[in-house]
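Visitor: Let me begin by handing over the structure; questions about it come next.
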Amino acid sequence: MKVAILVGSLRENSYNKTLATFIQNRYVKDIDGELLDLNLPLYNEDLESDLPADVVAFKKKVHDADAVLFVTPEYNHSISGVLKNAIDWASRITPDLKEKPGFIVGASMGGLGTVRAQMHLRQILDTMGMRILPANEVFISAAHTKFDEKGDLIDEGTVAFLDSVVANFVAFYERNK
């Protein structure tokens, strides 16, 4: 399954980027994941008639993917502007997200582990007709204690739970493709 991975943080040492890379590497047999560059120009309808090259490349990768993994931080009880901007580009002109299966994960140093951001993200994606994996929320709290210096997720309970969620997503994808 070819998966476009959208990480809502541009920060080099982001726990969400680390989580995305961990997922990309651990589940390589099930997921052919590609972390997409979300450093895109701000969405502007005036640009739709002549899309910037980086937006064209981004939209093609999302369109060609079988599924999308959203890896979201939580900024002010919501998703980041970077992730919202990418979703706005992916939803315009051609509906690259409509009917596409997806799942959501997030990591935070805080105790709620991106709960509010993920609820908001589900609301946004629902308006586009995405098929988001239900009842498999991955909220990694205290992320600074759960990754080692190499970027491996070292909390065995979290890894086991993530294993089950990825297996559930692969089955969800197979049932809905």
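The values are calculated or read from the model by the stated rules, or taken from the named source; none is laboratory data. All values reported here derive from a predicted model rather than from experimental measurement. Ideal geometry is used to build each Cβ from the backbone, glycine not excepted, and the neighbour counts take in all protein chains shown. These accessible areas exclude ligands, DNA and RNA; they are computed on the full protein's heavy atoms, side chains included. Shrake-Rupley method; radii C 1.70, N 1.55, O 1.52, S 1.80 Å.
Visitor: What about residue 42, is it assigned to a loop (DSSP other than H, G, I, E, B) and open to solvent by 20 Å² or more (accessible area, probe 1.4 Å)?
Guide: Considered against the rule, which asks whether it is assigned to a loop (DSSP other than H, G, I, E, B) and open to solvent by 20 Å² or more (accessible area, probe 1.4 Å), residue 42 comes out as yes.
Visitor: Could you run through region 1-30 and say how many residues are buried (at least 16 other Cβ atoms within 10 Å of the Cβ) and within 26 Å of residue 145 (Cα to Cα)?
Guide: So the answer is 18.
Visitor: Let me ask another. Would you mind stating whether residue 77 is closer than 26 Å to residue 163 by Cα and of a type outside the set (S, T, N, Q)?
Guide: So residue 77 fails the test.
Visitor: When you look at residue 117, is it part of a helix (DSSP H, G or I) and crowded, with 19+ Cβ neighbours inside 10 Å, yes or no?
Guide: yes
Visitor: Name the pairs: first residue in region 92-119 and within 24 Å of residue 162 (Cα to Cα) and free of Cβ contacts under 8 Å to residues at least 12 places away in the same chain, second residue open to solvent by less than 30 Å² (accessible area, probe 1.4 Å) and assigned to a helix (DSSP H, G or I), Cβ to Cβ under 9 Å, at least 6 apart or on different chains?
Guide: Short answer, once both residue conditions are applied: none.
Visitor: Tell me which residues, restricted to region 59-70, are touching a residue at least 12 places away in the same chain (Cβ under 8 Å) and either surrounded by fewer than 20 Cβ atoms within 10 Å (Cβ to Cβ) or touching a Leu at 6+ places or on another chain (Cβ under 6 Å) (or both).
Guide: 61, 63, 64, 66, 70
Visitor: Additional query: Output the residues belonging to region 73-113 that are among the aliphatic types (A, V, I, L, M) and either within 22 Å of residue 39 (Cβ to Cβ) or not in a loop (DSSP other than H, G, I, E, B) (or both).
Guide: 79, 82, 83, 86, 87, 90, 93, 97, 104, 105, 107
Visitor: If you don't mind, another one. Check residue 25 against each of (1) outside any loop (DSSP other than H, G, I, E, B); (2) among the polar types (S, T, N, Q); (3) over 19 Å from residue 163 (Cα atoms) and name the one condition it does not meet.
Guide: (3)
Visitor: Separate question: Any idea which residue in region 98-114 is least open to solvent (accessible area, probe 1.4 Å), counting only those that are under 15 Å from the mean Cα position of the chain (by Cα) and more than 15 Å from residue 72 (Cβ to Cβ)?
Guide: It comes out as 101.
Visitor: What's the total number of residues in region 143-169 that are of a type outside the set (Phe, Trp, Tyr) and open to solvent by 30 Å² or more (accessible area, probe 1.4 Å)?
Guide: Here the count works out to 16.
Visitor: Just checking, how many residues over region 45-58 are open to solvent by 70 Å² or more (accessible area, probe 1.4 Å) and either under 24 Å from residue 117 (Cα atoms) or touching a strand residue (DSSP E or B) at 6+ places or on another chain (Cβ under 6 Å) (or both)?
Guide: Residues meeting the conditions: 0.
Visitor: Can you find a residue that is at pLDDT below 95 and in contact with a His (Cβ under 8 Å, 6 or more places away or on another chain) anywhere in region 104-120?
Guide: Taking every residue of region 104-120 in turn, at least one turns out to be at pLDDT below 95 and in contact with a His (Cβ under 8 Å, 6 or more places away or on another chain).
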